[in-house]
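**Student:** Here's a structure for you.
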Amino acid sequence: MTSRLPHPYVFSKQIVQANQFGAPIVALESTVITHGLPRPDNLQLAVDMENIVREHGATPATIAILDGEIHIGLSEEELSTLANREDTRKISVRDLGIALAGGLSGGTTVASTLLVSALANIKVFATGGIGGVHQGAPFDISADLTQLGKSPVLVVCAGAKAILDLPATREVLETQGVPVIGYQTDEFPAFYTRSSGLGVDARVDTPEEAVKIAIESWEAGISSAILLVVPPPEESALSPDEMESAIRTALQEAESTAIHGAETTPFLLKRVSELTGGESLRSNLALLKNNARIAAQVSAAMGGIEKIGPF
Ligand code: PSU
Ligand code: MN
């Protein structure tokens, strides 16, 4: 990690130590804790993801904003506070300065977690699904996509949800110069489902192969993210038919109740979960933990490579 970081950054003791020993670090986002999952699953999931990262040889750095400070690595107490507070804000890149100036607390999205990870020189980040282009609202494009275009971090995710316009999301990733690499798959996963009918730019079968693409990209001077897409574990994946009607209903409700902007993603996530009787929640939790494991393995593989580029 660099020492370029200005005042509002707070590193946990574990992260400072991991950094001293040159141990692999995996960044984790926190909007999934504050806005993506219901209580008490949110805290349990956050703790489980951190433990899985540790069990696989890396140190977890959950990133969040607490009382106007950017935290890299949270204590259990801080995680629990974040998961249980009522007044947390969903903090994407445009919200960051507002949150810092106002002393606010909240969860960082994929976009703002990427920004912080890149500044802290953390090279691997695990999440569930990235934001994308919304259906029927072609100008509602998540800042996740543009930030992926300018953050040299390897992001492990299960693709993006079918609540989004997935073909348009793939196109914007291409515009942003972000390679989409399938992990043991030839298809872009749609979060709850293992297939989407969309392809990937390349397939890898091991963490080392994924690392090689990332290192070659960054050493060539490319400063975008590498998106490593992992299908949800077979036993927890849902069928596209099961998902389709829930998604259609949730989208109609969002339209008829004039939900828009930053509220859209949390609204759709919650309704799809309710409409599938919690099945989508089970799948969501399983894939988040699976992604944490793979990110730790990738991060450990990256640690073995001496030169990781100019950043
Ligand atoms: N997709 C999910 N769960 C989530 C999110 C997306 O399946 O919790 C969160 C992530 O933090 C992502 C954010 O970065 O929503 C995207 O929100 P928006 O579309 O408003 O950019
Ligand atoms: Mn949006």
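**Student:** Neighbouring Cβ atoms within 10 Å as the yardstick, rank T34, T193, T62 fewest first. Don't skip to the answer; put the middle values down first.
**Tutor:** On the way: T34 26, T193 23, T62 29.
The fewest-first ordering by Cβ neighbours comes to T193, T34, T62.
**Student:** Please give the Cα centre distance for the range 14-37 versus the range 232-246, rounded to the nearest Å.
**Tutor:** Cα centroid of the range 14-37 versus Cα centroid of the range 232-246: 29 Å apart.
**Student:** Hey, another quick one. Going by the alpha-carbon gyration tensor, a ≥ b ≥ c the square roots of its eigenvalues, is the range 50-106 rounded (a/c under 1.5) or, if a/c is not under 1.5, prolate (a/b greater than b/c) versus oblate?
**Tutor:** Because a/c hits 1.5 or more and a/b exceeds b/c, the range 50-106 counts as prolate.
**Student:** For the range 161-311, what proportion of DSSP beta bridges, expressed in % and rounded to the nearest 5, is antiparallel?
**Tutor:** Restricted to the range 161-311, the bridges split so that about 25 percent are antiparallel.
**Student:** Which of A137, V10, N284 sits closest to the plus end of the dipole of the chain, meaning its Cα is farthest towards the positive end, when Lys and Arg get +1 and Asp and Glu get -1 on the C-beta?
**Tutor:** The Cα lying farthest towards the positive end belongs to V10.
**Student:** Where the centroid of each part is defined by its Cα atoms, how far is the range 257-307 from the range 156-204 in Å?
**Tutor:** A separation of 14 Å, based on Cα centres.
**Student:** What do you get for Rg/Rh over the chain if you use C-alpha atoms and the Kirkwood form of Rh? Can you show the working numbers first?
**Tutor:** Numbers: Rg = 17.8 Å, Rh = 19.1 Å.
Radius of gyration relative to Kirkwood radius: 0.93.
**Student:** Per-residue ellipticity at 222 nm for the chain, helices alone: DSSP H runs ≥ 4 residues times -39500 (n - 2.57), over residue total, nearest 500 deg cm²/dmol?
**Tutor:** Dividing the helical sum by the residues of the chain leaves -13500 deg cm²/dmol.
**Student:** Which value, in debye to the nearest 20, gives the size of the charge dipole of the chain about its Cα centre, when Lys and Arg are +1 and Asp and Glu are -1 at the Cβ?
**Tutor:** My answer is approximately 620 debye.
**Student:** Continuing with the same structure: Assuming a ≥ b ≥ c are the square roots of the Cα gyration tensor eigenvalues, decide whether the range 102-257 counts as rounded (a/c under 1.5), prolate (otherwise, with a/b larger than b/c) or oblate.
**Tutor:** In terms of gyration-tensor shape, oblate.
**Student:** Near K270, which lysines are there with a Cα under 19 Å away, not counting those fewer than 8 places off in the same chain?
**Tutor:** Those lysines meeting the cut-off are K90, K161.
**Student:** Considering the Cα trace of the range 153-206, what is its radius of gyration and what is Dmax, both in angstroms?
**Tutor:** Answer for the range 153-206, Rg first and Dmax second: 10.4, 29 Å.
**Student:** Next question, about the same structure. Roughly how big is the range 29-163's charge dipole about its Cα centre, with Cβ charges of +1 (Lys, Arg) and -1 (Asp, Glu), in debye to the nearest 20?
**Tutor:** Dipole magnitude for the range 29-163 comes out near 480 debye.
**Student:** Also, quick follow-up: Scanning the chain for helices, which whole DSSP H stretches are 27 Å or more long along the axis (Cα) and average 1.0 or more by Kyte-Doolittle?
**Tutor:** Helices passing the filter in the chain: none found.
**Student:** Something else about it: Once amide H atoms are placed 1.01 Å from N in the peptide plane, what residues at a sequence separation of 5 or more from Q135, or on another chain, have their amide H within under 5 Å of its amide H?
**Tutor:** Amide H neighbours of Q135: D165.
**Student:** Near K13, which lysines are there with a Cα under 25 Å away, not counting those fewer than 8 places off in the same chain?
**Tutor:** Straight-line reach from K13, under 25 Å: K123, K289.
**Student:** Kindly work out what percent of the DSSP beta bridges joining two residues of the chain are antiparallel, to the nearest 5.
**Tutor:** 30
Just so you know, all these numbers are worked out from the coordinates, no wet-lab data involved. Predicted model, so just to flag it, every value in this text is computed and none were measured. Methodologically, a virtual Cβ is constructed for each residue, glycine included, from the backbone with ideal geometry; neighbour enumeration extends over all protein chains shown.
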